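The values are calculated or read from the model by the stated rules, or taken from the named source; none is laboratory data. This structure is a prediction, so every number in the text was calculated from the model and none was measured. Don't worry about glycine lacking a Cβ; one is built from the backbone with ideal geometry, like all the others, and counts go over all protein chains shown. Ligands, DNA and RNA are excluded from the accessible area calculation, which covers all protein heavy atoms including side chains. Shrake-Rupley method; radii C 1.70, N 1.55, O 1.52, S 1.80 Å.
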Amino acid sequence: MITTAVTRQKSLFLTILFFLSLSVNAQYSGEYFISDTSFFKSFSQAVDSIKSQGVDGMLTFQVMPGIYNERINIEHVLTTNASQQVTFKSYYGDSSQVILTDSCHVDSNFVLRLGEGCNYWNFEGITIKSRGDLYGHCVFLDRYPQHIQFSNCVFSGIYSPPASNQGHRILVYSNEAYIDFLEFENNLFEYGSTGLYLHGNNVGGGEIQGIEVKDNIFRENGYMGMLMYKPFYPVITGNTIQCYDDGIYLSSVHQSANITCNKIFAEDAGIMFYTNSFFSPRAIIANNFVYMGEYGNEGIHIGGGAGQIDVFYNTVVMTDHYFDTYGIYSGSNYLTPLYRIKNNVVVHKNGGSPIYVYRVSAIEEIDYNAYYTPGNFLAYVGDYGWLFNLEEYTDSTGFDEHSYMAHPYFVSDTNLHAKTSWYNNRGTPIAAIETDIDGEPRDVSTPDIGADEYTPMTEAMYSGDYTIGAGGYFDDLEQAIDSLKLKGVSGNTSLSFLPGEYLVKQRIPYISGTMDGTILTLKSEDSDLESVTLKHDNVNQDTNYILWIDGADFLTIRDLTFEATTNTSYGTNIIFSGGSEQVELSDNIFRATRNTNNLGRLTLLYSTQNFYRDFTITHNNFDSCAHGIYFQFTMDAWPKPTGINIDSNSFTNVGYSGIY
């Protein structure tokens, strides 16, 4: 009996041990929690359990609020697939409450590593933060991770100085990996050097497929927003990117791409797109806002191999001051023609060219675009060189027959929604694009040009005579020019100063609608040049002007007195910058302080390295200055200014030269 009892107890013990063994080794599925009080107290514990036991269904770890100081390395989990995925998610859906963080080092530069055999892993609502003084990868995608999704997460790295390409501080990083089917949606990439760096493998094909980057924010990235090498049909849409080099850089693109509805604020290039081979369907770059800072080189750059690319409905704004920078740059390719560029607003605010064409044969179509630049040349075309204005450019290339010049007017520098009516209902329908950057429907017959489909705040353009001064239509010249920039003109327009003295410091750009036969005139209301005096109180070189003619065309200034005598060291009356044509100065008095030295700052009319065509300066009096007229142009590689006519002027009390 004793033997039988012992045998039964032993049998029961072995049975319990067997079922415990089954329980311990069972694969995971369902829902579990991670917290100090749960069975799983850390990410590492959960990952280690999955590695040892596997997954046999959809598995979710709800992560409770906390700071989890750990480095996670996930690889060789062979039981995950489309119906057996692993998800780590913040229990409350708030990424600020779940923080996964660790210090990175040269031999372990990651907080989260997804390696070989890591497929179908999802991360939702989690902050992944790298700490340390030098190294700062948040996520390292190594070798063969595929079908990975990050949504509503924060990738927070180490601050990198502007325009510093520090590879060890990239937030999400891969290098020569097979990383297919990655999705990033509604995440924040902050600080670091580049936000997202996906580099396909150089061995074999190595293309990376199924990449989607949607509705993310890239903020304060010291170098690029994102870079992809060898992507295969990436979808990049709805992102806001603020960085100090290139916003979106795609290199060796193998099979089309969709780059749409992004808002990019960058310093070198907004979108760089290099193809690798011929592909179909065509790649599309559409409905993007691109705003380039003071060091920007190109808003949108397309080129490389033989890919067919459409650039439609973008709003591109350049703000740098260099002549050899471009709004849209169409580069070289192997097969022709490949590029179509339509319905874009392309603005170069301070002097470069809106359009660059490497060679005419590369272009299938360029048309229905709105351009603006105060610079010397509208375009550079490899077949023809620098082309001065839209007429010369169209006559040479046959491009842009329905395009036009228009002064830009947006809500603000950071909000490129249009306010002027000059982009409204002026485009051509494109069947493949039915909505704008905000998801609003495009007009099916006369869509708006640029990324924004809108109803303008005002439609009435100016035509006729408008007075300036107390009791006049405009209070002052600044108010008048600002309104003209918004509305433009539809016929000959005069701004007539009522008698009196005016303190003026005004920049006059190209005004929409001015053309041969439609002139903007600044004059005295009573045609008496001594009844109106425009003065300045300049105290330094940066403010040394009364009028700054900044690329204005078809402009007449007459019957006015200009006087800059308050400060005897600075006396420029009018500065000319950029490319201007058909400007006339007649029957004016220009006055400063006499000085016998060769001083540009005491020059009445001043221009240096600016292209002009058809200038008339006649019947004016130049009184008291160092130089009366100083026009310098020494750029041998550029076309030379033509058509300047200086006659019937008088020069009195001139200290150095009348005309230089």
Once the Cβ-Cβ distance between His619 and Asp383 is put in as r, and R0 is 56 Å, what FRET efficiency do you end up with, to the nearest 0.05? 0.85
Please compute P(r) over all alpha-carbon pairs of region 504-559, binned at 5 Å starting from zero, and give each bin as a whole-number percent. 4, 17, 21, 21, 20, 13, 4, 1
In units of 2.2 N^0.38 Å, what is the alpha-carbon radius of gyration of region 104-185? 1.07
With a 1.4 Å probe and every protein chain left in place, tell me how much accessible area Lys342 has, in Å² to the nearest 10. 30
Grab the other residues whose beta carbon is less than 12 angstrom from that of Ile366, score K and R as +1, D and E as -1, and report the net. -4
List the residues whose amide H sits under 5 Å from the amide H of Ser103, counting only those 5 or more places along or on another chain, with H placed 1.01 Å from N in the peptide plane. Arg131
Cys261 - accessible surface, heavy atoms, 1.4 Å probe, Å² rounded to 10: 30
Per-residue ellipticity at 222 nm for the chain, helices alone: DSSP H runs ≥ 4 residues times -39500 (n - 2.57), over residue total, nearest 500 deg cm²/dmol? -2500 deg cm²/dmol
Over all alpha-carbon pairs in region 56-195, figure out the percentage whose distance exceeds 22 Å. 34
FRET E, pair Leu503, Ser108, Förster distance 41 Å, beta-carbon r, rounded to 0.05: 0.05
Table column - 3J(HN,Hα) (Hz), region 427-442, Karplus curve with 6.51, -1.76, 1.60, x for Gly and Pro: x, 10, x, 10, 4, 6, 10, 9, 10, 9, 4, 9, x, 7, x, 7
Dimensionless Rg/Rh of region 177-313, both radii on Cα and Rh by Kirkwood, sits at 0.94
If the chain between Glu434 and Glu116 were fully stretched, how many nm would it gain, using 0.36 nm times the residue separation less the Cα-Cα distance? 110.4 nm
Loop-only check: which GluC sites (Glu not before Pro) in region 257-313 are DSSP coil with at most 15 other Cβ within 10 angstrom? Glu294
Can you give the charge dipole size of the chain about its Cα centre, rounded to the nearest 20 debye, using +1 on the beta carbon of Lys and Arg and -1 on the beta carbon of Asp and Glu? 2260
How many angstrom separate the Cα center of region 25-66 from the Cα center of region 387-401? 65
The whole-number value in µm²/s of the Stokes-Einstein translational diffusion coefficient for region 295-375, with Rh from the Kirkwood sum over alpha carbon pairs at 20 °C and 1.002 mPa s, is 171
How large is the Rg to Rh ratio of region 393-533 when both quantities use alpha carbon positions and Rh follows Kirkwood? 1.07
FRET E, pair Ile67, Thr414, Förster distance 56 Å, beta-carbon r, rounded to 0.05: 0.95
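Would you tally the net charge around Asp528, using a Cβ to Cβ cut-off of less than 15 Å, leaving Asp528 out, and scoring K and R as +1, D and E as -1?
Residues near Asp528 contribute -4 overall.
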For region 248-310, give me the percentage of DSSP beta bridges that are antiparallel, rounded to the nearest 5 percent. 0
In whole percent, and with a 1.4 Å probe on the protein chains, what portion of the accessible area of the chain is carbon and sulfur? 48
Can you grab the distance from the C-alpha centre of region 531-590 to the C-alpha centre of region 97-119, Å, no decimals? 62
Using a simple spin-label model with points 7 Å from Cα along the Cα→Cβ vector, what separation in nm is obtained for Asp56 and Ser569? 8.7
How far apart, in nanometres, would the label points at Lys640 and Lys214 be if each is projected 7 angstrom from Cα along the Cα-to-Cβ direction? 6.0
How many percent of the alpha carbon pairs in region 411-483 exceed a separation of 15 Å? 64
If you restrict to DSSP beta bridges whose two residues both lie in the chain, what percentage is antiparallel, to the nearest 5? 5
Shape parameters for region 555-628, alpha-carbon atoms, Rg then Dmax in Å: 12.2, 33
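Would you calculate the convex hull of the Cα atoms in region 497-612 and tell me its volume per residue in Å³?
103
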For region 478-548, what proportion of DSSP beta bridges, expressed in % and rounded to the nearest 5, is antiparallel? 10
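Using only the Cα atoms of region 471-552, build the gyration tensor, take square roots of its eigenvalues as a ≥ b ≥ c, and label the shape rounded, prolate or oblate: rounded if a/c is under 1.5, else prolate if a/b is larger than b/c, else oblate. Numbers along the way, then the final one.
Values: a/c = 1.90, a/b = 1.23, b/c = 1.54.
Oblate, because a/c is 1.5 or more while a/b does not exceed b/c.
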Normalised by the empirical 2.2 N^0.38 Å for globular proteins, what value does the Cα Rg of region 102-147 take? 1.20
Can you work out D for the chain in µm² s⁻¹ from Stokes-Einstein, where Rh is the Kirkwood radius over C-alpha pairs, the temperature is 10 °C and the viscosity is 1.306 mPa s? 56
Using only the Cα atoms of region 42-112, each taken as one equal point scatterer with no solvent, compute I(q) by the Debye sum, divide by I(0), and report log10 of the ratio at q = 0.25, 0.26 Å⁻¹. -1.18, -1.20
Short version: ³J(HN,Hα) in whole Hz for each residue of region 241-247, in order, from phi by Karplus 6.51 cos²θ - 1.76 cosθ + 1.60 (θ = phi - 60°), x for Gly and Pro, what are they? 10, 10, 8, 10, 9, 8, x
Would you mind pulling out the separation of the Cα centroids of region 413-460 and region 219-273, in Å? 23
